[in-house]
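The values are calculated or read from the model by the stated rules, or taken from the named source; none is laboratory data. The shown structure was predicted, so the numbers you read here are calculated from the model rather than taken from an experiment. Neighbour counts are summed over all protein chains in view; Cβ atoms, including those assigned to glycine, are modelled from backbone coordinates with ideal geometry.
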Ligand code: TA6
C-alpha cells in the first residue's frame, strides 16, 4: 500500500486535465469555459494497489472477471499498473501524452502472453484516447478491453442516452438476458448493460444543460453502467449519494467481441469526448 504521487496536470489554452501514471488514468478533463466532464469519487482510493473510482480506468486484458468468470483482479491489471510516460508532444491547442505498458513489467497468472500497450491521451477541445495493443510474442492471443469512462452528470435519473435505440444488449442486472433497446436509455435503478453498437452516443443532461458526445473507433461494444442507489451506497470508494452524479459510457470489446491478435499484429481502440 503506497499512496500515489500527485497526478500530472496538463494545461493548454483549450482545456486542462489530470493524469496519474498509475493506470495511465485520466481523472479530469475540463474544456476551457466549461465545467468538469469526468467524474472522480470523493472517496476514491489513491493507492498503488487500488483501482481509482472515476475518470477513465483502462480495463485490459480482461473485463470484469474475464471470459472464464474467475480472472483477478477485476477488469484486468492495466488500471492498477504503473504506465511509463514515453512522449509529450505540445501543439498550439492540445497536448499529446503517450504512455506505455509492457508485458515484461507484469506478473499475472491469468494472462501470460507477451504484449506491448501504447495509450495516447490527447488533451484539447476534445479528449481523445487511443489504446493500441501489439502481440510481441510468437503465439496468437485474445484479450478484452474497455475505456471505462465515468462522465459527470447533474442527476443520472434525469439524463438520457441517445444513439443506442434499436441495438441489442446483454442485461447484466437481469442475469445476462439478451434485450433490444427501445428509444433512448434512461436510468430508473441499477443499470449494467453491454450494447452491441458502433454508433455515436450522446449523454443528454438537462440539469447541467449540456450534451456529452462520445465517438469511438475500433470497438463494437458500448457498456453503460450506473450502480443505482443501493449498490452505489455499498461501494466503499464512492462518496455518499455520488451514484447520482455519474454515468459510465464505455468503449469496449468484450465477451464474443474480444480481440484476437496473431504474432506481430496490433489493434487500436479510440474513444473521443466532446461537448455539444
Ligand atoms: O462496466 C460495468 C462494470 O463492469 C459493472 O459490472 C460494475 O461492476 C463496474 O464495472 C465497476 O467495476 P469495479 O471493478 O470498478 O467496481
Exactly one of 212, 194, 161 is buried (at least 21 other Cβ atoms within 10 Å of the Cβ), more than 16 Å from the ligand (Cβ to nearest atom) and touching a residue at least 12 places away in the same chain (Cβ under 8 Å), and that residue is 212
Result of the Cβ filter at 6 Å on segment 53-77, keeping first residues that are farther than 23 Å from residue 239 by Cα and partners that are more than 8 Å from the ligand (Cβ to nearest atom) and part of a strand (DSSP E or B), at least 6 apart or interchain, is 60/145; 61/143
By residue number, the members of segment 96-147 that are part of a loop (DSSP other than H, G, I, E, B), in contact with a helix residue (DSSP H, G or I) (Cβ under 8 Å, 6 or more places away or on another chain) and under 17 Å from residue 21 (Cα atoms) are none
* Asked: Does residue 98 qualify as being under 22 Å from residue 261 (Cβ atoms) and either under 20 Å from the mean Cα position of the chain (by Cα) or without any contact (Cβ under 8 Å) to a residue 60 or more places away in the chain (or both)?
  -> yes
What about residue 251, is it under 17 Å from the mean Cα position of the chain (by Cα), buried (at least 17 other Cβ atoms within 10 Å of the Cβ), away from the ligand (no atom under 15 Å from the Cβ) and in contact (Cβ under 8 Å) with a residue 24 or more places away in the chain? no
Residues in segment 254-268: is at least one more than 29 Å from residue 136 (Cβ to Cβ), surrounded by 15 or more Cβ atoms within 10 Å (Cβ to Cβ) and touching a strand residue (DSSP E or B) at 6+ places or on another chain (Cβ under 8 Å)?
no
Residue 171 being surrounded by fewer than 19 Cβ atoms within 10 Å (Cβ to Cβ), touching a residue at least 24 places away in the same chain (Cβ under 8 Å) and farther than 18 Å from residue 126 by Cβ: no
Checked against (1) more than 19 Å from residue 262 (Cα to Cα); (2) surrounded by fewer than 16 Cβ atoms within 10 Å (Cβ to Cβ); (3) away from the ligand (no atom under 16 Å from the Cβ); (4) at pLDDT 95 or above, residue 73 satisfies every condition except (3)
- Item | Residue match in segment 33-44 (condition: more than 22 Å from residue 267 (Cα to Cα) and free of Cβ contacts under 8 Å to residues at least 40 places away in the same chain) | yes
Just one listed residue, out of 99, 115, 63, is within 16 Å of the ligand (Cβ to nearest atom) and either surrounded by 21 or more Cβ atoms within 10 Å (Cβ to Cβ) or farther than 24 Å from residue 220 by Cβ (or both), and it is 63
